[in-house]
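The structure under discussion appears below in the form of C-alpha cells.
Every read-out reported here was derived from the displayed coordinates using simple, explicitly stated rules and does not represent laboratory data. Being a predicted model, the structure only gives us computed values, none of them experimental. Methodologically, a virtual Cβ is constructed for each residue, glycine included, from the backbone with ideal geometry; neighbour enumeration extends over all protein chains shown.
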Amino acid sequence: MKKYIAELIGTFWLVLGGCGSAVLAANFPGGEDPSNPLGLGFLGVSLAFGLTVFTMAYAVGHISGGHFNPAVSFGLFAGKRFSGSQLLPYIIAQVIGASGAGLVLLVIAGGNGQLDLSGATPLATNGYGTHSPGGYSLISALITEVVMTFMFLIIILGATDKRAPEGFAPAAIGLALTLIHLISIPVTNTSVNPARSTGVALFCGNIELISQLWLFWIAPIIGGLLAGYVYLTLFEETHAKADIE
C-alpha cells in the first residue's frame, strides 16, 4: 500500500506542478493575462514538468520506483524491471492521483472568475487537430507521442541500470521530460503519460477532448513497451529480472 500511495502522491504532484504551471502561470505568447504579464511560457512549463519528476523521484522513488506514469510502468514491465501483477494497482493509483490534481487545479484556476474552458486546450489538456496547440494532425500526434515516450523510457531504463552512475537518475529523467516538453508542446501539449492526460481531461468540460484520450493512452504505452523490449534485447547485460519487491 505504501507503494501505491507514493505513486498517487507523485502523480498528483506531476499533474499539479506541470499542468498548474501551464494554466496558472504560463501566459503563452498571445496571452492577455494582466495579472501575469511576463509568464513562464513554453520553457517554464517544460521545466516545471521536469522538476516535478526530479523532486518526487528523490522524495518517493525509493518507495515505489517513481513511475508516476502508466507508460513508464508498462515500459519497465517490458524491460523485466517490474512485476506484471503490480501493473493494474499502480495504474489505478496514478490515475487517481492525476484526477485529484485535475480537480484541485480546476478549483484553484476558477478562483478569480477568469477561467475559460472554451479554448483548444483547457486545463492544459492534450489533443490533436483543432485541439493541438499548433494544429497538428492525428498522425503527427501519434508519431510524436510514441517516439517521445520511447526515448523517455530508454533514458529511464539506462539511467536506472545498475551499471549507470548512482544517484543521478532523477536528474537525467527530469531533464529528459523537460526536453520532451520543449519539443512536443506545440504538437500535442505533450502527454507521454496517460494518467496526466486523463487527470485534466475529466474536468475540462469538453466531450471532444475526452474522445481523443484514446490516443494518449495507446501511443505512450506502445512507446513504453517498445523501449522496454529494445533495452532488454540490446543493452541489458543479463536478462535476469531486477529486484521488484
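Just so you know, in the stretch 108-150 the residues that are under 15 Å from the mean Cα position of the chain (by Cα) and part of a loop (DSSP other than H, G, I, E, B) include one that is surrounded by the fewest Cβ atoms within 10 Å (Cβ to Cβ), and it is Gly127. Is it the case that the stretch 220-235 has a residue that's among the hydrophobic types (A, V, I, L, M, F, W, C), crowded, with 19+ Cβ neighbours inside 10 Å and assigned to a loop (DSSP other than H, G, I, E, B)? Among the residues of the stretch 220-235, not one is among the hydrophobic types (A, V, I, L, M, F, W, C), crowded, with 19+ Cβ neighbours inside 10 Å and assigned to a loop (DSSP other than H, G, I, E, B), which makes the answer no. If only residues of the stretch 60-77 that are hydrophobic (A, V, I, L, M, F, W, C) and within 15 Å of Pro194 (Cα to Cα) are counted, the one that is surrounded by the fewest Cβ atoms within 10 Å (Cβ to Cβ) is Phe74. Of the residues in the stretch 78-89, not one is crowded, with 19+ Cβ neighbours inside 10 Å, of a type in the set (Ser, Thr, Tyr) and touching a residue at least 40 places away in the same chain (Cβ under 8 Å). Selection of the stretch 186-206 for residues being crowded, with 24+ Cβ neighbours inside 10 Å, part of a helix (DSSP H, G or I) and over 10 Å from the mean Cα position of the chain (by Cα) yields Thr188, Gly199, Val200, Ala201.
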